[in-house]
Structure formats: C-alpha cells, structure tokens
Amino acid sequence: MRTVRLAAVLLALAGAATWAGSARADADPASDYLIGQQVFFPYDVKLPQRDQAELSAVVGAANKAGFKIRVAIIADSYDLGSVTALWKRPRLYARFLGQELAFVYKQRLLVVMPNGFGFNWTGHAVSHEYALLQRIPISSGATGLLSSAQTAVQRLAAADGVHVAAPANVKTTGSQTSHDRLVIIVIAIAALLVAVGVRFALRRRRRNLA
C-alpha cells in the first residue's frame with residue numbers, strides 16, 4: 001500500500017512539473033496552474049516552504065469542508081505572464097482569471113496582490129466578499145501575501161459558516177521528500193530481510209532432507 005502511495009506522489013510531482021513548465025510559456029500562468037491546483041504561488045520569489053504548505057493546507061481544508069475556493073498569489077508583474085497591464089489591478093485580474101478558468105472551474109477565486117485583493121465567483125454577486133476583504137490589510141513582503149491570503153480564506157469561509165483553523169503541523173516539500181526516502185529505505189530493508197530469510201529457510205530444508 002505504501003509503494004502505491006509513493007508511486008502516486010511521484011506521478012503527482014511529475015504532473016505538477018509539467019503544469020509549471022507549460023504555465024511559464026502561457027500568456028497567463030495562473031490560469032493554467034489553477035486548473036489542476038488550488039493555490040498558485042509566484043515563480044521567481046522565494047517563499048518559506050512552511051508558509052506555502054500552511055496556506056495550501058488551509059485552502060485544502062476549506063475545500064474539503066465544502067467551501068470551494070482557489071487562490072492566486074501575484075507577487076509581481078512577472079506572475080501575470082503577458083497580461084502585465086493587469087498588474088496591481090486585483091479586481092480586474094480576478095474577473096479575467098475567472099473567465100479563463102470558467103470552462104473547468106466556476107467557484108470562488110481569490111487573487112492577492114501587494115495592493116489588495118481580487119475576488120470572483122462566476123454567476124454570483126461578490127459585493128459582500130469585497131466588503132469583508134476590505135477590512136483585511138495586506139502585510140508587506142512576499143510572505144505577507146501568504147499570511148494575508150490565509151486570513152482572507154479563513155474569514156471568507158467563516159462568513160459562510162465554515163471554520164478552518166491553521167494546521168498545527170504541516171509537511172513541507174523537504175519533509176515530504178525525507179519521508180519518501182525513509183519509506184524507500186524501509187521497503188528495501190524489508191525486501192532484503194525477506195530474501196535472507198527465504199535463503200536461510202531453503203538451506204535448512206536442504207540440510208534436513210540430507
């Protein structure tokens with residue numbers, strides 16, 4: 001069962017890499033990435049893995065609880081691909097991104113830029129959501145975007161009756177890799193022990209027959 005899970009992880013990582021590669025070449029990276037993922041992170045801005053993992057966990061928990069939402073973190077104009085005219089225009093970009101995703105995703109969409117939030121929900125009025133988002137400050141720096149996004153997701157969900165707490169422990173990419181390596185080592189050792197055990201049993205059987 002563990003080997004199956006490990007294979008699934010490897011396939012998921014390969015898929016994510018494919019998405020990332022295609023997104024770089026596209027006019028609007030987030031519109032490609034959010035087709036299969038719940039959170040779009042900036043490409044060229046270094047962000048703490050723990051903060052990324054925590055935001056992903058909160059968004060994932062909200063979706064699992066029935067509050068469907070996807071988040072785009074836009075740290076600079078590069079993250080917009082060729083639509084840089086929408087830089088620092090989060091509301092307009094949220095509508096644009098919502099239209100780009102509408103053929104596969106029509107639920108809530110949150111955009112976070114250094115100067116504010118954008119929100120889109122195809123077929124729904126969003127004045128209530130904007131009234132809530134206006135009360136949430138955007139913290140400075142790239143990590144500030146993540147913390148502000150997390151706060152926004154939690155408050156939006158709470159307003160809809162879904163309470164999502166920040167996880168006490170989250171797995172970063174590094175810890176997941178270490179875990180996978182440990183699983184591989186354990187499987188290898190187990191296989192070796194089985195092989196040694198089988199060989200010992202065969203030798204003992206031959207001696208008994210002799």
ask   = Quick one: if the Förster radius is 41 Å, what FRET efficiency do Ala158 and Ala27 give, using the C-beta to C-beta distance and rounding to 0.05?
value = 0.70
inquiry  = Using the basic label-point model (7 angstrom from Cα toward the beta carbon), what is the Asn115 to Asn169 distance in nanometres?
reply    = 4.3 nm
query = What span do the alpha-carbon atoms of region 125-174 cover on each of the three principal axes, reported in whole Å from largest to smallest?
reply = 40, 27, 15
ask   = Using the Cβ atoms and a cut-off under 11 Å, what net charge is assigned to the surroundings of Leu86, where Lys and Arg are +1 and Asp and Glu are -1?
value = +2
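Given a Förster distance of 41 angstrom, what is the FRET efficiency for Asp76 paired with His128, based on the Cβ-Cβ distance and rounded to 0.05? Kindly include the intermediate steps, with their values, before the conclusion.
Working: r = 30 Å, r/R0 = 0.72.
Here the calculated transfer efficiency is 0.90.
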request  = Return the whole-Å distance between the Cα centroid of region 23-62 and the Cα centroid of region 136-165.
outcome  = 15 Å
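Each reported figure results from applying straightforward, stated rules to the coordinates on display, with no laboratory input. Because the structure is a prediction, the values reported are computed rather than measured. Cβ atoms come from the backbone with ideal geometry, glycine included; neighbour counts cover every protein chain shown.
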